[in-house]
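All remarks here apply to the structure that follows.
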Amino acid sequence: MSTVTNGVQPRTAETRAPERGRRGWARLARAAASSVAATVLSQVVLLAILATGGVPALASTLAWAAGAVLNFVVTRRWVWGRTGRPRVRRELLPYLAVIGLGGLASIGLTTLAGALLTPLDLPHPLWVALVDGAYVASYALVFVVKFALLDRLVFGRGAARTRATTSRS
C-alpha cells in the first residue's frame, strides 16, 4: 500500500501568526493615519472657534464632533474593511461610547487648560496655542486605548460580524 501526499504543509496557528501580526501593524498604521486626518479637521474647528473668542468647552466639543464623524467613516471602511450600512447596536453605539469617552477626556483636559491659563492674562495667540496643545496631547494619550477598544469591541475579530457590516472578499 502506498501513501500519496501533495507536498503542501497544512496551515497552522504558528504559520498564520506572522501574517496576522503584519495585518495588525498595518491596521494600526491606517488607524493612526485616519486619526491624524480627524485630528487635523478637529484642529481647524478648534482653532477657528478659539481664535474668534469661543470658550474652550464649546470649541473642543465641536472639534471633537467634527473629528468623530470623519473618523467613523474612514476608520470603518479603510481600517476594518466594513462596508454597507452600519448596524446601530453593533457598530454605531459602541463606536460612540468608545469615542465619547475619549472625547470627554479631551474636552475635560482642554477646558481645564483654558481655566488654568485664563488667570495668567496671556496674549490671546499664546493662550490659544497652549489650549490647543492640551487638546492635541489629550488625543495622543487616548489613541492607543481607543484603538484597542475599537479593534476588540466594535470592528475587530471580537465584534459581531454580519453580512451587512463586512465586505465580501
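Defining a contact as two alpha carbons under 8 Å apart and six or more residues distant in sequence, what relative contact order in percent does region 26-159 show? The partial results should precede the final answer.
Values: 123 pairs, mean separation 38.4, N = 134.
Relative contact order here is 29 percent.
From the square roots a ≥ b ≥ c of the eigenvalues of the alpha-carbon gyration tensor of region 14-141, which class results: rounded (a/c under 1.5), prolate (a/b over b/c), or oblate?
On the way: a/c = 2.79, a/b = 2.09, b/c = 1.34.
In terms of gyration-tensor shape, prolate.
What does the extension gain come out to for V55 and L141, with contour length at 0.36 nm per residue minus their alpha carbon separation?
Numbers: separation 86, 0.36 × 86 = 30.96 nm, distance 2.26 nm.
Roughly 28.7 nm would be gained on extension.
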| said: Using a 7 Å offset from the Cα along the Cα-to-Cβ direction at both L96 and A32, what is the distance between the two label points in nm, to one decimal? | reply: 3.1 nm
| message | Once R0 is set to 22 Å, what does the formula 1/(1 + (r/R0)^6) return for the Cβ-Cβ distance between L153 and R23, expressed as a FRET efficiency to the nearest 0.05? | response | 0.75
| message | Give me the one-decimal nm value for the distance between modelled label points at H124 and R85, 7 Å along each residue's Cα-to-Cβ direction. | response | 4.7 nm
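Using R₀ = 35 Å, calculate the FRET efficiency as 1/(1 + (r/R₀)^6) where r is the Cβ-Cβ separation of A115 and A65; round to 0.05. Kindly include the intermediate steps, with their values, before the conclusion.
Details: r = 21 Å, r/R0 = 0.61.
The calculated FRET efficiency here is 0.95.
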| task | Quote the charge dipole size of region 26-159 about the Cα centre in Debye, to the nearest 20; the model charges only the Cβ of Lys and Arg (+1) and of Asp and Glu (-1). | result | 1020 debye
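R0 = 25 Å: FRET efficiency of V40 with L104, Cβ-based, nearest 0.05? Before the final figure, lay out the partial values.
Values: r = 21 Å, r/R0 = 0.84.
The computed FRET efficiency comes out at 0.75.
Every number in this text was worked out from the coordinates using simple rules, so none of it is lab data. These numbers were taken from a predicted model, which means no experiment stands behind them. Here Cβ is always computed from backbone atoms with ideal geometry, including for glycine, and neighbour counts include all displayed protein chains.
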